[in-house]
1. Here are A309, A250, A305: which of them is assigned to a helix (DSSP H, G or I) and touching a residue at least 40 places away in the same chain (Cβ under 8 Å)?
2. What is the one condition in (1) of a type in the set (A, V, I, L, M); (2) surrounded by fewer than 17 Cβ atoms within 10 Å (Cβ to Cβ); (3) within 21 Å of the chain's Cα centre (by Cα) that A163 does not satisfy?
3. Cβ contacts < 7 Å: first residue free of Cβ contacts under 8 Å to residues at least 24 places away in the same chain, restricted to the stretch 40-68; second residue surrounded by 16 or more Cβ atoms within 10 Å (Cβ to Cβ), any location; separation 6+ or different chain. Result?
4. Give the stretch 219-247 a look and list any residue that's under 23 Å from A268 (Cα atoms) and either assigned to a loop (DSSP other than H, G, I, E, B) or of a type in the set (S, T, N, Q) (or both), or say none.
5. Look at F112 and say whether it is within 24 Å of L78 (Cβ to Cβ) and either of a type in the set (F, W, Y) or at pLDDT below 95 (or both).
6. If F21 meets every condition in (1) under 21 Å from R234 (Cα atoms); (2) aromatic (F, W, Y); (3) in contact with a helix residue (DSSP H, G or I) (Cβ under 8 Å, 6 or more places away or on another chain) apart from one, which number is that one?
7. Need the failing condition index for A483 against (1) touching a Lys or Arg at 6+ places or on another chain (Cβ under 8 Å); (2) among the aliphatic types (A, V, I, L, M); (3) surrounded by fewer than 18 Cβ atoms within 10 Å (Cβ to Cβ), just the number.
8. Could you identify the single residue in P134, P93 that is closer than 30 Å to Y411 by Cα and of a type outside the set (D, E, K, R)?
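The values are calculated or read from the model by the stated rules, or taken from the named source; none is laboratory data. As the structure is a computational prediction, the values presented were derived from the model and not from experiment. Glycine also receives a Cβ, built like all others from the backbone with ideal geometry; neighbour counts cover every protein chain displayed.
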Amino acid sequence: MTDLIPAPRALDGPLRCGFVFDERTTLWAGPGTGSTERWLRSVLGPALDLPLPPGPEDSPQAVRLRVDDTLEPEAYRLAVSAAWGVEIRGGDPAGVFWGAQTLRQLLGPEAFRRAPVRPGMRYGIPHQTVEDAPRFRWRGLLLDVARHFMPKDGVLRYLDLMAAHKLNVLHLHLTDDQGWRIEIKRHPKLTETGSWRSRTRLGHRASPLWDERPHGGFYTQDDIREIVAYAAQRHISVVPEIDVPGHSQAAIAAYPELGNTDVIDTTALSVWDTWGINPNVLAPTDTTLRFYEGVFEEVLELFPADAAAFSAFVHIGGDECPKDQWRRSPAAQARIKELGLAGEDELQAWFVGHFDRWLAARGRRLIGWDEILEGGLAPGAAVSSWRGYAGGIAAARAGHDVVMCPEQQVYLDHRQAAGEDEPVPIGYVRTLEDVYRFEPVPPQLTAEEAGHVLGTQANVWTEVLEDHARVDYQTFPRLAAFAEVAWSALPAPAERDFADFERRMTAHYARLDALGVAYRPPGGPKPWQRRPGILGRPIDGAPPNR
């Protein structure tokens, strides 16, 4: 019986005898495994109070790391024996790293601490063999750092939490109406003006409460380089999101010429301090196109396309773009006529198509929310299906790659229970069991169409998540359930053994405690996790999983 999360494909054992980590334990790293060797030494060394020096490959005291190309990408085989030590074989360097994550879980919750809590104690692992591989290639988490800024150390912390759950794509939502979070050197006002707002709505947009403190922050270009490098060491791709043509008031506040100046006085706009769908969108002008080409040129340099699985992707948003200003704008209407378009929906498709071609010419791939399907979509673009399953089904049937992240299932800002104690209740009730029974591949798809489902992603939007404790509370423990859905070869939702998952979570809560995660306890929020009096936006009803 195992308490591993995500659950592995196959486990032989455990048996009573095994391997003990002590002063004699060494690390041997074969070609391509250096990042995992360094990670193991930096994490297990302090936690277990062991040096873990390099040692010979044939030592029975060694933890051996090797790439074995007979295994599939990201797959691993972890074997433990008292006679010949520990061996982790991975189908590629990422597979070796995921095997090391499993090794850490086998050592117990103390292996997740930064210093030893029982000096002198030695930790053993029973004799066993774990064989494992992921179901999906894209196993993602969206962090919205635009609505409430998460300082760099918080992002690095979440990369470690993702790695511990074998997630491999961080979708970093960097710009929105409420803030611009990435330094662009050729357009300095994006951060000078666009990175902070004068105050913030507390709770849902109907709430009468305000936090009157200015809120802001941004990542310097070196901060971004550090985040990307830190992620790559953990075999995580970082996909940046720069929103166009909607969700852009922070950019327009910094550079008013980007807005529809023939409709409103854009010089009067400031960074938005409340929530919802904003009417102020980018103008479909050559000035706007050239401006954002300059933005994306710097973004591409900061997020290079390299060996990471999905590093070539750039997210352009494309969602929730009201067309009212375009309908009233003589310049926008002239553009529609000039391009021979049928209307405003096709104007948005033209806008998206421009950046699809621009990115493709530079060896990159555009991905956007499912609204980018409206008015036509270029063949190489991929779709994040958020408004339920329909967008993903339509995209896959049209030959587009899809990441399934339906709001009704895996928006982790949504409330976790119906009780009055839930802090700032947003959206649908989505319990730990609901997330565990989420199925990313719609049954309506044929096998060929299902091949376009790259994977799945949980989204953490931060309108009402003002600090890391609130982000932790909404994200965990449900991210553990999501990680198992994304990684493990689970049966159909109704046949999944949630009782066994809950049993394994008992051990996993101890790991989360060791990591300092302020998760929602199984019995409900602790007194200090509640937010009495702050209005949310609960939605009645529970749409079906499929």
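1. Details: A309 fails: assigned to a helix (DSSP H, G or I); A305 fails: assigned to a helix (DSSP H, G or I).
Only one candidate qualifies: A250.
2. Of (1) of a type in the set (A, V, I, L, M); (2) surrounded by fewer than 17 Cβ atoms within 10 Å (Cβ to Cβ); (3) within 21 Å of the chain's Cα centre (by Cα), only one is false for A163: (2).
3. Within 7 Å, the pairs are R41/L27; R41/L52; G45/L52; D68/R89; D68/G90; D68/G91.
4. P245, G246, H247
5. On the way: within 24 Å of L78 (Cβ to Cβ): yes; either of a type in the set (F, W, Y) or at pLDDT below 95 (or both): yes.
So F112 passes the test.
6. (1)
7. (3)
8. Values: P93 fails: closer than 30 Å to Y411 by Cα.
Answer to the check: P134.
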